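Asks: Sending over a structure as structure tokens; questions will come in a sec.
The values are calculated or read from the model by the stated rules, or taken from the named source; none is laboratory data. Remember, it's a predicted structure, so these values are computed and weren't measured experimentally. A quick note on method: Cβ atoms are made from the backbone with ideal geometry, for glycine too, and the neighbour counts reach across all protein chains shown.
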Amino acid sequence: MDTAAARICEHTLTPDLAAEIIADAAWVAIVERGRFVIAVDGGIAARRMLRELARKCVPWRAVYLVQVSESADPLEDVPIPQENLLTEESALRDFAGQSPIFDVLYIAG
């Protein structure tokens with residue numbers, strides 16, 4: 001098991017611990033592959049984690065941040081519930097200067 005996965009299994013994740021683990025994984029991926037892709041769901045926990053993540057020193061232009069939602073279905077015209085929706089503005093508001101590339105991905109059921 002890699003270090004990041006082991007750390008996740010050993011701890012209850014607070015937003016700041018999750019951000020630390022994600023920032024470490026981002027650096028490894030960027031050094032090895034030139035980019036890091038992270039998918040998050042919406043809601044309060046994701047917003048708190050993103051706020052903490054924005055404080056980390058990461059080359060954000062190499063990071064792709066994607067909101068995923070299994071509760072939405074664009075084929076059936078079922079949107080992401082408003083309380084879970086991360087807009088580009090809300091997802092990136094705490095990133096000063098450079099910010100990750102942001103998109104929304106719907107997982108069709």
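Asks: Can you name the condition, by its number, that CYS57 falls short on among (1) over 11 Å from the mean Cα position of the chain (by Cα); (2) at pLDDT 80 or above; (3) surrounded by 14 or more Cβ atoms within 10 Å (Cβ to Cβ); (4) not in a helix (DSSP H, G or I)?
Replies: CYS57 satisfies every listed condition except (3).
Asks: Given the criterion touching a strand residue (DSSP E or B) at 6+ places or on another chain (Cβ under 9 Å) and modelled with pLDDT of 90 or more, identify the matching residue among ALA46, ALA23, ALA39, ALA62.
Replies: Just a single option satisfies the conditions, and that option is ALA62.
Asks: Can you find a residue that is touching a Cys at 6+ places or on another chain (Cβ under 8 Å) and either within 20 Å of VAL68 (Cβ to Cβ) or buried (at least 17 other Cβ atoms within 10 Å of the Cβ) (or both) anywhere in the stretch 41-54?
Replies: no
Asks: Which pairs do you get when a residue that is without any contact (Cβ under 8 Å) to a residue 12 or more places away in the chain, found in the stretch 25-39, comes within reach of a residue that is among the charged types (D, E, K, R) and outside any strand (DSSP E or B), reach meaning Cβ atoms under 8 angstrom, with the pair 6+ apart or on two chains?
Replies: ALA29/ARG35
Asks: Which count do you get for residues in the stretch 65-99 that are assigned to a strand (DSSP E or B), of a type in the set (Val, Ile, Thr) and at pLDDT below 80?
Replies: Counting residues in the stretch 65-99 that are assigned to a strand (DSSP E or B), of a type in the set (Val, Ile, Thr) and at pLDDT below 80 gives 2.
Asks: Under 8 Å between Cβ atoms, which residue pairs at least 6 apart in sequence (or on different chains) link something in the stretch 48-59 that is of a type outside the set (Lys, Arg) with a partner that is exposed (fewer than 15 other Cβ atoms within 10 Å of the Cβ) and outside any helix (DSSP H, G or I)?
Replies: These pairs meet every condition: LEU50/ASP94; ALA54/ASP94; ALA54/ALA96; PRO59/GLN98.
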